[in-house]
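This report refers to the structure that appears directly beneath it.
The values are calculated or read from the model by the stated rules, or taken from the named source; none is laboratory data. Just so it is clear, the structure is predicted and the values come from calculations on it, not from any experiment. We place every Cβ from the backbone using ideal geometry, glycine too, and count neighbours over all the protein chains shown. Accessible surface areas use protein heavy atoms only, side chains included; no ligands, DNA or RNA. Shrake-Rupley method; radii C 1.70, N 1.55, O 1.52, S 1.80 Å.
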Amino acid sequence: MLKLRRFLRDYKKEVIIGPLCKLFEAILELLVPLVMADIIDVGINTLHDGGYVLRMGGLMALLAAMGLCSALFCQYFASRASQGAGTKIRRELFAHISSLSYSELDRLGTPSLITRMTNDINQVQQSIAMSIRLLTRAPFIIGGSLIMAMTINLRMSLIFFAAAALIALTLFLIMKLSVPVYAAIQKKLDKIGLISRENLSGNRVIRAFSKQETENKRVDAATEDLAKTSIRVSRLSALLSPVTYAVTNAAIIGIVWFGAVNVNIGEMQTGDIIALVSYMTQILLAMVVVANLVILMTKSSACAKRINEVFETKPTIVEKTKDYISTEENKPEKLRFENVSFSYHGGEETLSGIDFSVKRGQTVGIIGGTGCGKSSLVNLIPRFYDVSDGRVLLDGADVRDYPFAQLRGQMGIVPQQSVLFGGTIRDNLRWQKPDATDEEIIAALKTAQAYEFVSKLPHGLDSRVEQGGKNFSGGQRQRLCIARALVGEPKLLILDDSFSALDMATDAALRRGLSKCMNGMTVIIVTQRCSSIMNADLILVMDDGKIVGKGVHDELLDSCETYREIYVSQQSAEVGA
């Protein structure tokens, strides 16, 4: 929690004034038993004066009203500080997550990051509010009650100290046992988030294979595991209130017992006993608050640790400079891979010995079986991952020397998974070029073979896109994503298996459209269809992370067995169909 205190810098006033208001309320609360004792000992036992009782009762009401106002001010400042800090944490955490490279995102996991962004920050936010309101008040009430008890009767105050020590020991033991369990609960929440995300995103597949019952059992197992852990920590937490009440009530019995003896021998007055019982009750209530606060702080400390883990995760892919670098844009070579090797998270090599060059304005096709490393290869160009060995050169400069804006600003990338965002079609297509005109957008839609269905929509470019583009078919989403990349007029267009949801006729029409609007644009097409890259200037054939064939279509049919097998199998499938 202490590492997150920097988010309270702009709320110093609230953090200082809030607890002071609560301390003022506590002081007023400590004065109430003394006024009550004075009413009994002076107003009733000595003076028998009803007017005095009413005046002192009015004073008690005034103390209560002032305490209420002070508490309301504290509540206001606590809300401002906690909500403001929570907003800052959430904003900065999101920005930090956005700065992380693919490697760190893969390691942390999307479900875990979502839980940390929502549930964990909410817990921290709540703990800030409760700390301002109660963290200073409860100890002050306990300490103040002990001091006031000592001023009334020093020997009787020993009962207070014994009770406070026993309750404090109970709090310490339960907190020590429950902190690791709360951390485990957060991890189990991550697991439930992962399963839920898989089920919701893959709902159609689950239904297609009639696996609803299997998935229900999987969810039941995860929730049952969470429930068992939660019950275990709840049993520990449940000990706080009964133990606290038992110790306090035993202390009250002791006060009444020994107080009665002292009253009989004339060492104490009746009002003193009432005051001591009131102070003991205040200690009880303060201890209950402390107990609940301990549970909350235990949860929030586990959550804060998980939030700090994200903040402490540094991106492995960083910019060397933010200033644009000079490149060899006039030379014929656009892209070069020099003996490149790559592995995910330091594991087994995914790519090895990759060596090829691409001329400016060429169309390059990359083909191979599933898992051969095609997507991994193109992900190295925009530096989504860094090479383990070798170099990737773009316009003669190592991609690691580029600032991200210069490197990725000249690229149009269409990933395997077609992702659209909530808004309008126009909003989605302006991602690369915010000031793109409708004419430029329509031209890109026509090239991507998407204008036909967009023009038929009731609102055209202003038609709504639901989250993830769920209101469009897979082929429509792919074409809109291709159009989005084309609107930016990229110098290098990377199509990562972006024709998979298109039929043969649309695929061919799209490729014809691309060839007409290239204007010096270099195109890299990752595909599993030979028909998509037959006319490419260069075809790279990949197998098991290596390039096993390099050339044009006719050459590869003669010289590359892997390519020939892919082509023959696809031709046979088309004839059979």
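Of all positions in segment 134-146, none carries a residue that is under 23 Å from Arg5 (Cα atoms), touching a Phe, Trp or Tyr at 6+ places or on another chain (Cβ under 9 Å) and open to solvent by 30 Å² or more (accessible area, probe 1.4 Å). If you go through segment 147-169 one residue at a time, how many are open to solvent by 40 Å² or more (accessible area, probe 1.4 Å), under 43 Å from the mean Cα position of the chain (by Cα) and either free of Cβ contacts under 8 Å to residues at least 24 places away in the same chain or under 25 Å from Leu31 (Cβ atoms) (or both)? Residues that pass the stated criteria total 3.
Checking each residue in segment 417-435 for being among the charged types (D, E, K, R), open to solvent by 70 Å² or more (accessible area, probe 1.4 Å) and over 14 Å from Arg464 (Cα atoms) picks out Arg430, Asp435.
Taken together, the residues in segment 324-350 that are in contact with a helix residue (DSSP H, G or I) (Cβ under 9 Å, 6 or more places away or on another chain) and under 22 Å from Gly396 (Cβ atoms) amount to 6.
Residue check: Cys481 meets all listed conditions (1) more than 21 Å from Glu439 (Cβ to Cβ); (2) assigned to a helix (DSSP H, G or I) but one, namely (1). Residues of segment 520-569 that are in a loop (DSSP other than H, G, I, E, B) and either on the phi < 0 side of the Ramachandran plot or out of contact with any Leu (no Cβ under 8 Å at 6 or more places or on another chain) (or both): Gly520, Met521, Gln528, Arg529, Ile533, Met534, Asn535, Ala536, Asp537, Asp544, Val552, Cys560. A count restricted to segment 86-133 and to residues that are of a type in the set (Gly, Ala, Ser), within 20 Å of Arg197 (Cβ to Cβ) and part of a helix (DSSP H, G or I) stands at 2. Scan segment 448-465 for residues that are under 20 Å from Ala505 (Cα atoms) and of a type outside the set (D, E, K, R) and the total you get is 7.
Only helices (runs of 4 or more DSSP H) whose full extent lies in segment 200-287 are considered here, and the ones with at least 1 residues that are out of contact with any Pro (no Cβ under 6 Å at 6 or more places or on another chain), closer than 30 Å to Pro139 by Cα and open to solvent by 30 Å² or more (accessible area, probe 1.4 Å) are 212-238, 240-264.
Please state which one of Ile231, Ile317, Ile265 is farther than 24 Å from Phe172 by Cβ and modelled with pLDDT of 85 or more. Only one candidate qualifies: Ile317.
For (1) exposed (fewer than 13 other Cβ atoms within 10 Å of the Cβ); (2) closer than 30 Å to Pro315 by Cβ; (3) not aromatic (Phe, Trp, Tyr), each residue gets a yes or a no:
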residue	(1), (2), (3)
Ser79	no, no, yes
Ser98	yes, yes, yes
Ser101	no, yes, yes
Asp106	no, yes, yes
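Looking only at residues of segment 134-189 that are part of a helix (DSSP H, G or I) and of a type in the set (S, T, N, Q), we find that the one that is modelled with the lowest pLDDT is Gln186.
In segment 170-182, the residues that are without any contact (Cβ under 8 Å) to a residue 60 or more places away in the chain form Cβ pairs under 8 Å with partners that are open to solvent by 80 Å² or more (accessible area, probe 1.4 Å), at six or more places apart or across chains, as follows: Val181/Arg232.
Looking for something aliphatic (A, V, I, L, M) and open to solvent by 50 Å² or more (accessible area, probe 1.4 Å) - is there at least one such residue anywhere in segment 517-534?
Start the filter on segment 517-534 by keeping residues that are aliphatic (A, V, I, L, M), which leaves 518, 521, 523-526, 533-534.
Now narrow it down to the ones that are open to solvent by 50 Å² or more (accessible area, probe 1.4 Å): 534.
Taking every residue of segment 517-534 in turn, at least one turns out to be aliphatic (A, V, I, L, M) and open to solvent by 50 Å² or more (accessible area, probe 1.4 Å).
If a residue has to be of a type in the set (Ser, Thr, Tyr), closer than 18 Å to Phe7 by Cβ and open to solvent by 30 Å² or more (accessible area, probe 1.4 Å) to count, how many in segment 110-133 make the cut?
The number of residues fulfilling the criteria is 1.
Report yes if some residue within segment 549-561 is modelled with pLDDT under 85 and either among the small types (Gly, Ala, Ser) or crowded, with 22+ Cβ neighbours inside 10 Å (or both); otherwise report no. Among the residues of segment 549-561, not one is modelled with pLDDT under 85 and either among the small types (Gly, Ala, Ser) or crowded, with 22+ Cβ neighbours inside 10 Å (or both), which makes the answer no.
Taken over segment 288-312, the criterion of being within 16 Å of the chain's Cα centre (by Cα), open to solvent by less than 10 Å² (accessible area, probe 1.4 Å) and not aliphatic (A, V, I, L, M) is satisfied by Ser300, Cys303. Among residues belonging to segment 30-50 that are in contact (Cβ under 8 Å) with a residue 60 or more places away in the chain and open to solvent by 50 Å² or more (accessible area, probe 1.4 Å), point out the one that is farthest from Ala85 (Cα to Cα). Among those that are in contact (Cβ under 8 Å) with a residue 60 or more places away in the chain and open to solvent by 50 Å² or more (accessible area, probe 1.4 Å), it is Asn45.
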